[in-house]
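Undergrad: A single structure is presented below for examination.
The values are calculated or read from the model by the stated rules, or taken from the named source; none is laboratory data. The model shown is predicted, which means the values in this text are computed figures rather than measured ones. Positions of Cβ are backbone-derived with ideal geometry, glycine not excepted, and every protein chain shown enters the neighbour counts. Heavy atoms of the whole protein, side chains included, go into the accessibility calculation; ligands, DNA and RNA do not. Shrake-Rupley method; radii C 1.70, N 1.55, O 1.52, S 1.80 Å.
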Amino acid sequence: MRIEGAVALVTGANRGLGRHFALQLLERGAARVYATARRPETIDLPGVVPLQLDVTDDEAVRAAAAAATDVTLVVNNAGLSNFTSLVTSDPAAVRAEMETNFWGTLAVVRAFVPALSAGGGGAILNVLSAQSWHPYPGTNGYHAAKAAQWALTNGVRTELADQGTLVTGLHLGAVDTDFSAAYDGPKGDPAVVAGAGLDGVEAGSVEVLADDWSAHVKASLAADPRRIYDEIRAGVV
């Protein structure tokens, strides 16, 4: 999958990591970049095509797909964290995280599969998280939603293999954007993370670990799961 000459669509492109994706797609020679947001008037990046899209609104998703029938690369960047606990938080807040991260991603994938197929297969880049694998008190609603989105990514990859669509999952830790403003720990450079994701697409990678933290968390999956609970209680993570 070459970025140069591609027609890309980025969800949640008005700020943060999504804006970096849109900018780098332009810099890499994409023929057209649809930058989507719930409020397209907030998109201030010259050279993109602003498009209204709320990934939790099925009608809006269908309208975006009808307006952008030439898309060859979909970047599912839109995400939501309400900093919820599974046991004690408002169920509506937990449900909203699943609606955006899982159901919203799936709705966009389903809507744009015909365009990708017509264009020869194309590619989908899903922005996941190290928290796809890593629970933590206070963000476990997000963890559950990202775990589901990871499973979605793996499942869709198998279902779209016959039409030649590359499906890449991008895992990352905290990055220095508004999304992670409440997090007080180390944060990565969003430009580096976006670049890693697009490099992965061009390389045909099915999984990209954007930083050392994501690599560490994935490696820990083979260890005794009790370790993570001991580390949380000890304040190590």
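Undergrad: Please verify whether ALA78 is at pLDDT 95 or above, of a type in the set (A, V, I, L, M) and out of contact with any helix residue (DSSP H, G or I) (no Cβ under 7 Å at 6 or more places or on another chain), treating the condition exactly as stated. Working first, answer last.
TA: Values: at pLDDT 95 or above: yes; of a type in the set (A, V, I, L, M): yes; out of contact with any helix residue (DSSP H, G or I) (no Cβ under 7 Å at 6 or more places or on another chain): no.
No; evaluated as a whole, the condition is false for this residue.
Undergrad: Taking the condition buried (at least 18 other Cβ atoms within 10 Å of the Cβ), small (Gly, Ala, Ser) and within 18 Å of VAL156 (Cβ to Cβ), does ALA65 pass?
TA: Numbers: buried (at least 18 other Cβ atoms within 10 Å of the Cβ): yes; small (Gly, Ala, Ser): yes; within 18 Å of VAL156 (Cβ to Cβ): yes.
Yes, satisfied.
Undergrad: Right, here's the next one. Report, by residue number, each residue of the stretch 107-130 that is hydrophobic (A, V, I, L, M, F, W, C) and open to solvent by 40 Å² or more (accessible area, probe 1.4 Å). Explain how you work it out, then say what you get.
TA: Restricting attention to the stretch 107-130, the residues satisfying the condition of being hydrophobic (A, V, I, L, M, F, W, C) are 107-109, 111-113, 115-116, 118, 123-125, 127-128, 130.
ALA118 - this is the single residue of the stretch 107-130 that is hydrophobic (A, V, I, L, M, F, W, C) and open to solvent by 40 Å² or more (accessible area, probe 1.4 Å).
Undergrad: Can I ask one more? Quick one: how many residues across the stretch 197-221 are under 19 Å from ASN77 (Cα atoms) and surrounded by 19 or more Cβ atoms within 10 Å (Cβ to Cβ)?
TA: Filtering the stretch 197-221 down to residues under 19 Å from ASN77 (Cα atoms) leaves 197-202, 204-211, 214.
From what is left, the residues that are surrounded by 19 or more Cβ atoms within 10 Å (Cβ to Cβ) are 197-198, 200-201, 208-211, 214.
Qualifying residue count for the region: 9.
Undergrad: So, in the stretch 8-45, of the ones that are in contact with a strand residue (DSSP E or B) (Cβ under 6 Å, 6 or more places away or on another chain) and among the β-branched types (Val, Ile, Thr), which residue ends up nearest to ALA78 (Cα to Cα)?
TA: THR11
Undergrad: Scan TRP103, TRP150 and give me the residue that is of a type in the set (A, V, I, L, M, F, W, C) and surrounded by fewer than 19 Cβ atoms within 10 Å (Cβ to Cβ). Lay out the reasoning, then the answer.
TA: Numbers: TRP150 fails: surrounded by fewer than 19 Cβ atoms within 10 Å (Cβ to Cβ).
The match here is TRP103.
Undergrad: Which one is most open to solvent (accessible area, probe 1.4 Å), of the residues in the stretch 153-170 that are part of a helix (DSSP H, G or I) and touching a helix residue (DSSP H, G or I) at 6+ places or on another chain (Cβ under 6 Å)? Before the answer, list the steps.
TA: Our first condition is that a residue be part of a helix (DSSP H, G or I); within the stretch 153-170, this holds for 153-159, 161-163.
Narrowing further to those that are touching a helix residue (DSSP H, G or I) at 6+ places or on another chain (Cβ under 6 Å): 156, 163.
Values: VAL156: 17, GLN163: 52 Å².
Residue satisfying both the conditions and the ranking: GLN163.
Undergrad: A follow-up question, please. Consider only pairs whose beta carbons are under 6 Å apart and that are at least six residues apart or on different chains; among these, list those whose first residue lies in the stretch 31-57 and is over 18 Å from LEU80 (Cα atoms) and whose second residue is of a type in the set (Phe, Trp, Tyr) and open to solvent by less than 30 Å² (accessible area, probe 1.4 Å).
TA: Matching pairs, first to second residue: VAL49/TYR34; LEU51/TYR34.
Undergrad: Looking at this structure, is TRP133 of a type in the set (Phe, Trp, Tyr), at pLDDT below 95 and either closer than 22 Å to ALA191 by Cα or surrounded by fewer than 20 Cβ atoms within 10 Å (Cβ to Cβ) (or both)?
TA: Working: of a type in the set (Phe, Trp, Tyr): yes; at pLDDT below 95: yes; either closer than 22 Å to ALA191 by Cα or surrounded by fewer than 20 Cβ atoms within 10 Å (Cβ to Cβ) (or both): yes.
Yes.
Undergrad: Does ALA8 satisfy the criteria of being touching a helix residue (DSSP H, G or I) at 6+ places or on another chain (Cβ under 8 Å), under 21 Å from VAL167 (Cα atoms) and of a type in the set (A, V, I, L, M)?
TA: The answer is yes for ALA8.
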